[in-house]
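For reference, the structure is listed below as structure tokens.
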Amino acid sequence: MPVDHDIRRASPDDAPAISEIILAALRETNARDYAPQIIARVEESFTPSRVEELIRTRKVLVALAGERIIGTASLEGEWIRTVFVAPDAQGKGVGRRLMARIEDLARHADLATLQVPATVTAERFYSKLGFKVVRDSYHGDERTIIMERRLVSL
């Protein structure tokens, strides 16, 4: 069942809540596809202070259910980054709406292509949105799937 939610730009004050969502999604959802040591390594990139840095350097969005942040996504150049939805809100259209807003930002910036370094866990989600696999990328034993989607014909 879809969740009612609003989407807005993130502010530095949102960093602790965004960090909490990312860590919960990594531990509950991504842990099905990645070993504990990989999850622990990735978690280090999403402490509240690291998330605050990302908010200052990327276009970061948050999805809210009432006052509660339930999802996040960001755009850095043509790269989609940090798309996470709280485990209890997954499968309810939050990620799809965040991606639609990211696409709006990309079109406003006149980008022709969007790319995403997808986790194994998220590959199916991005495929449903029209992204195609370009190649695999490895950081040690962590597999990431580089995917892309054209926004306009060239």
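So here's what we get for this one:
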read-out: Longest to shortest principal axis, alpha-carbon extents of the range 1-83, angstrom; value: 34, 33, 24
read-out: Fraction of accessible area attributable to carbon and sulfur, the range 1-141 (%, probe 1.4 Å); value: 49
read-out: Amide H contacts of ALA118 (H built 1.01 Å from N, under 5 Å, at least 5 apart or other chain); value: ILE145, ILE146, MET147
read-out: Candidate aspartates and glutamates - alpha carbon under 13 Å from LYS132, same-chain residues fewer than 8 apart omitted; value: GLU123, GLU148
read-out: The range 127-132 - phi-based ³J(HN,Hα) in whole Hz, Karplus 6.51/-1.76/1.60, Gly and Pro as x; value: 4, 5, 8, x, 7, 10
read-out: The range 30-72 - accessible surface per residue (Å², probe 1.4 Å); value: 54
read-out: Amide H contacts under 5 Å for ILE69, placed H, 5+ residues apart; value: none
read-out: Distant-in-sequence amide H partners of TRP79 (H built 1.01 Å from N, under 5 Å); value: GLN115
read-out: Compactness of the chain - radius of gyration and Dmax, Cα, Å; value: 14.7, 42
read-out: In order through the range 80-95: 3J(HN,Hα) via Karplus (6.51 cos²θ - 1.76 cosθ + 1.60), integer Hz, x for Gly, Pro; value: 7, 9, 6, 8, 9, 10, 3, x, 6, 10, 5, x, 10, x, 5, x
read-out: For the range 15-21, Karplus couplings with θ = phi - 60° (6.51, -1.76, 1.60), whole Hz, Gly/Pro x; value: 3, x, 5, 5, 4, 4, 5
read-out: √(5λ) per eigenvalue of the Cα gyration tensor, the range 51-107, largest first, Å; value: 19, 13, 9
read-out: Overall dimensions of the range 93-151 as given by Cα atoms, namely Rg and Dmax in Å; value: 12.0, 36
read-out: Residue list for the range 52-86, given a label point 7 angstrom along the Cα-to-Cβ vector of LEU129 and an amide N cut-off under 17 Å; value: 58-64, 70-86
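The values are calculated or read from the model by the stated rules, or taken from the named source; none is laboratory data. Everything numeric in this text was worked out from a predicted model, so none of it was measured. Methodologically, a virtual Cβ is constructed for each residue, glycine included, from the backbone with ideal geometry; neighbour enumeration extends over all protein chains shown. With ligands, DNA and RNA removed, areas are computed over all heavy atoms of the protein, side chains included. Shrake-Rupley method; radii C 1.70, N 1.55, O 1.52, S 1.80 Å.
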